[in-house]
Structures are given as C-alpha cells and as structure tokens.
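Read through the structure below, which is laid out as structure tokens, and then see the notes.
The values are calculated or read from the model by the stated rules, or taken from the named source; none is laboratory data. The model shown is predicted, which means the values in this text are computed figures rather than measured ones. Cβ placement follows ideal geometry from the backbone for every residue including glycine, while neighbour counts extend to all protein chains displayed.
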C-alpha cells in the first residue's frame, strides 16, 4: 500500500514523509502507530494522531456519531494516555478506536484487567522500578538493547508470569549476554565499528593509538624533554625516549623498542621513525581487534536473536497493557457485561470530575440490574426523558453514560460497580448549545437524526433540545425524536425541561427526574443527583432566587430579587432560607 492510500495523507504529506523517512520507514511508522516518528518527520502531532486512528480503526471511528461524542472520546484517551509508562505506549493509547468485533473487545478487557491486577499486586517499590525501567527505555530511544535491559528488569520485578507469557518465555541468560553486545556495534559508511566499553583490550589499544598520534605531532618536544634530563650519548638518549613514550602512552617498553629504528640518522630521525611506526602498527592492531570484537558481539546477538526479538515485542506490549492497567487501577474501573440491547450502570462515576463524586445508578433498554434494591432502574424502556433541577447533573449523567459506552467499545473497563452495556454502531452525544437560531437547529438535526435512519444500533444522548428553538416547537420536535428512537429500535436518553409539554410518550418510554432539595448552609444548591425513576423532576427556581436574596448586599438589588421571590412563591423562598439557616446551627 502506498502512503497516499491512508486517510489524511495527501501528496504533500506523502512527499515530506518520503524525503524525511523513506517510503518503507514511513509505512512502518503508520502501521506501528508511531506518532513520535511521524511528528519528527514534520507531520503535526494532532494530524498524526488522526491519521493513525483512521489507519488502525476506520470502522470503529464511525461509532463516534457527533462532535460531542468525539470530544468525550478524545478526553478519555488523553486521560488514559497520561498513565502511559512509555512514550510509545502513550501513543498507542492515543490512537485506540472503538472495536467492531465483540471477541476483540472481550480479549482486550481480559488483558487490561489482568494488567490491572498485576499493577495492584506490585509493591510501591516495584512499581517505581517498573516506571524507572521505562524511563531508561525512552531515554535510550527504545532501541533493542534498551528493550532487552527493560525486559531483564521487568523479570526481576516478577512480571514474567502467566499474564505476560512472552516475557516469561525468553532465555534470561541469553538476554544478559545479548545486553552486553547490543548497542556496541554501530554501522557506518566505512563498515561496522565498535563503541567504547565493549572490549577492554580494544579500548586500551585505542587509547594508546590516540596518545601515540598526539606525541607524533610533538616530536621536538620529546627531544627537548629527554635532553633536559642530562643524557650524554645516543644510547642513553634512545633509552630515555622509550621511557618517555611509555610513560605518556602506556605502550609497553618492548613494543616501543620493536618499533624503534636500528639505524637512525640523528635524534629527530629516531623519535619520528619510532612514533610513525607505532602509529602504523597500533592502527593495524586496533583494526584487527575491532574486527574480532565485532564477530564476538554478532555471535552473541545471533545466539540470542529469537529471545531479543521476543523481548522487544514483549516489552512494547507490556508497556501498552500495563499503562492501561495502571489507568484502570487508578480509577477502580470494572469489567462491563456485554449485552444484546441495553445500557445500565450501578454507581457510575464521571471520570472528568474532580473531588468527591456522587455515583449514579441508571439504565435504559433491557438489563438485569433490577434485583430489589433502592432506586433500581426499570428494564425494557427504550427511551428515557430526564428532567429536573438546573445544575442537577443531567448533562453530567449523559456524559457519564457516553464514557461507559465508549470505554466498553474500546475494550476498556468502566467507572462503575456494575454495568451492562450493548455494542452500538453509532453513539450520538449532543451537549446543550446556548445558541438560538435556525442555523443551529438545522445543523443539530442534521447531526442527530441521520444515525437513527441507518441500519445498526444507535445510542442517543441528547441534552436540552429546547435550547436551540422556541419551547413549543422544541416539545414537538422532541416528541418526534422520542417516537423515532423507539420506532428504529434505538436507545435514547433525552434531557429536557419540557416534560409537561410533551404529548403522551410511547409505551416503551419513561420520564425520570432529578430533584434539588434546598440550599446548604453556604447557600450552595443541595441536589440529589441520583434520578428518581418514573417521576418528573422540578427545576425549583425558588432555590436559586433564595440564594440571590440572601447574597444581595445592595438594598435596591435585594428588593429586585425579593420581587422575583414573590413571583416564584414568597413562602417557598422564606422556607428555603429558614432551612438553610437551621442547617447551619
């Protein structure tokens, strides 16, 4: 396949990749989800991510039915990738897409939860050793040698068990031998060369050669230095020269004498000939020893070739799965049960919220989370209409459901105590957009209606449809959407303040409500975020007006809010303020 065959790779991008990497290397970078290599070649990082998502999961990308769904998807992967224990693992997480095969989803769930268990079972010290091993791996550029060294460290931490069979199957002794060889051979235009540290004898010969070359450029300094010692004859001078060269270069005396000329015209001829011969002979010795060391190193690498390849692959896969396991452990994610047609969660938590979070139990469609417990969602309703207080968490509930559906689609555990989740061909999440014009209405309808008209299973999560048109017409449109959702065997949760204006809903639809219960002593809205099933929630504006009355410092301003209090119910406002004051005592 040519580069231009991939989504997002146009002629200019393809040309830039060929110039920087070459066709083969560029194709390998795309196939291996190597964002770093593509970015280094000049492809903007965000574009590289989009290219790789399409390259590795075109069908799965189609699950993301709206821009808001894609936004939640991006945020989920950004959060998960922040737990990457290597750069490449984080990149692989960033390009995950929804899977379209249930068996693939189940396999990934098993792998990630096994990795979560491994991470949970490790001591804090061992976790730190794992993180440091991958820091060194990244710093070395992810070379084969870095992978082998990481594999040895991971084995010493005890990660070679059944969860990571590939790591347990490698020969540790062979890897240890290979670790000393890998990275020491560097290919150059003049052939292979051995880097420093591979062989003590070679390093010593190179040091002697370098020192001999330096002395060769300072022959007259040697003559002056030896003569300054008071030598009187040629024999004593020659002996002094040998001693001087030996002390400066650590070349053995015998080697220096063997290089010295038997007959020299004068002192300068003796010194220059000796040094020139030493440089020539040491150059030959270095070349011979280097070739010998290359052969030794290659033998070690070839002996462990299969184990090295296995270690490289195992380390990459372990980094990927352990990163996801670390993410799952941090948020106590659990395995969802894949079902035919439903979405139900018990004690679900929104991953994007900080601080103390009230878990939510909710369900739509068919599910079995209906055993006798407090506030258990009914089963069988294909659509729910969610009503209730402003700032009551309705949008957050929609977002939480979209998180659960998307994580499940990607084969990842979810933030719940229990969950039953269907596999959807399209997930439509639409946030409230506070723009009131025909253009927004048209674009919204074009975004959320087509998925209902196609074959396949659709999940509709739509927030405050009335925000984009007048309330009366919004109620008509919402009635139509609810009916269409039921007719097309889709599932839907629609948030609205217009429950009282809706026509009788289809038999398989219900209305749920979220209730505000008053103000806290700090005059914050106190909300029971858990919806009550089969009950219309109230927006209770008297709570908001009560807070405004209580917080008003200007007399005229307070009088204005008190006028509003009369409009919404003076008695209710006073009761709210009284309850808040009583709670503070």
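Of note, residue 211 satisfies the criterion of being surrounded by fewer than 19 Cβ atoms within 10 Å (Cβ to Cβ), more than 20 Å from residue 90 (Cα to Cα), assigned by TED's automatic domain parsing to the domain that holds residue 282 and at pLDDT 80 or above.
Could you pull out the residue among 508, 485 that is crowded, with 18+ Cβ neighbours inside 10 Å, in the same structural domain as residue 452 (by TED's automatic domain parsing) and modelled with pLDDT of 75 or more? Break it down into steps so the answer makes sense when it comes.
Working: 508 fails: crowded, with 18+ Cβ neighbours inside 10 Å.
Exactly one residue qualifies, and that residue is 485.
Can you name every residue in region 1-29 that is in contact with a helix residue (DSSP H, G or I) (Cβ under 6 Å, 6 or more places away or on another chain) and part of a helix (DSSP H, G or I)?
The initial filter retains those residues of region 1-29 that are in contact with a helix residue (DSSP H, G or I) (Cβ under 6 Å, 6 or more places away or on another chain), namely 3-4, 6-9, 14, 17, 26, 29.
Of everything in region 1-29, those that are in contact with a helix residue (DSSP H, G or I) (Cβ under 6 Å, 6 or more places away or on another chain) and part of a helix (DSSP H, G or I) turn out to be 3, 4, 14, 17, 26, 29.
Going residue by residue through region 535-555, is there one that turns out to be closer than 29 Å to residue 340 by Cβ and at pLDDT 80 or above?
Start the filter on region 535-555 by keeping residues that are closer than 29 Å to residue 340 by Cβ, which leaves 535.
Now restrict to residues that are at pLDDT 80 or above: 535.
The answer is yes; a qualifying residue exists.
Scanning for something part of a helix (DSSP H, G or I) and modelled with pLDDT under 85, does region 448-460 turn up at least one residue? Checking region 448-460: not a single residue is part of a helix (DSSP H, G or I) and modelled with pLDDT under 85. Please enumerate the residues belonging to region 33-50 that are outside any helix (DSSP H, G or I) and surrounded by 15 or more Cβ atoms within 10 Å (Cβ to Cβ). Listed by number, the residues that qualify are 33, 34, 41, 43. Sub-7 Å Cβ pairs linking a first residue in region 140-160 that is on the phi > 0 side of the Ramachandran plot to a second residue that is assigned to a helix (DSSP H, G or I), at least 6 apart or interchain, are 142/88, ordered by first then second residue. For region 191-208, the set of residues classified as in a strand (DSSP E or B) and at pLDDT 90 or above is empty. Among the numbered conditions (1) in contact with a strand residue (DSSP E or B) (Cβ under 6 Å, 6 or more places away or on another chain); (2) under 22 Å from residue 314 (Cβ atoms), the only one that residue 68 does not meet is (2).
Being part of a helix (DSSP H, G or I), loosely packed, with under 14 Cβ neighbours inside 10 Å and modelled with pLDDT of 90 or more: is that true of residue 302 here?
On the way: part of a helix (DSSP H, G or I): yes; loosely packed, with under 14 Cβ neighbours inside 10 Å: yes; modelled with pLDDT of 90 or more: no.
The answer is no for residue 302.
Scan the helices (runs of 4 or more DSSP H) fully inside region 51-167 and keep the ones with 1 or more residues being touching a helix residue (DSSP H, G or I) at 6+ places or on another chain (Cβ under 9 Å), crowded, with 21+ Cβ neighbours inside 10 Å and in the same structural domain as residue 458 (by TED's automatic domain parsing). Don't jump to the end; show me each part of the working.
Values: elements: 67-81, 87-94, 102-121, 124-139, 144-157.
In region 51-167, no matching helices (runs of 4 or more DSSP H) lie anywhere.
Might you check whether a residue that is at pLDDT 70 or above, over 44 Å from the mean Cα position of the chain (by Cα) and either on the phi < 0 side of the Ramachandran plot or part of a helix (DSSP H, G or I) (or both) occurs anywhere in region 574-585?
Step one: filter region 574-585 for residues at pLDDT 70 or above, giving none.
The answer is no; no qualifying residue exists.
Would you be able to say whether some residue in region 23-32 is crowded, with 19+ Cβ neighbours inside 10 Å and within 28 Å of residue 404 (Cα to Cα)?
So the first thing to find is which residues in region 23-32 are crowded, with 19+ Cβ neighbours inside 10 Å, and the list is 26, 29-30.
Still in the running and within 28 Å of residue 404 (Cα to Cα): none.
The answer is no, given that none of the residues of region 23-32 is crowded, with 19+ Cβ neighbours inside 10 Å and within 28 Å of residue 404 (Cα to Cα).
For region 372-398, taking the residues that are part of a helix (DSSP H, G or I) and in contact with a strand residue (DSSP E or B) (Cβ under 7 Å, 6 or more places away or on another chain), the one that is surrounded by the fewest Cβ atoms within 10 Å (Cβ to Cβ) is identified as 395.
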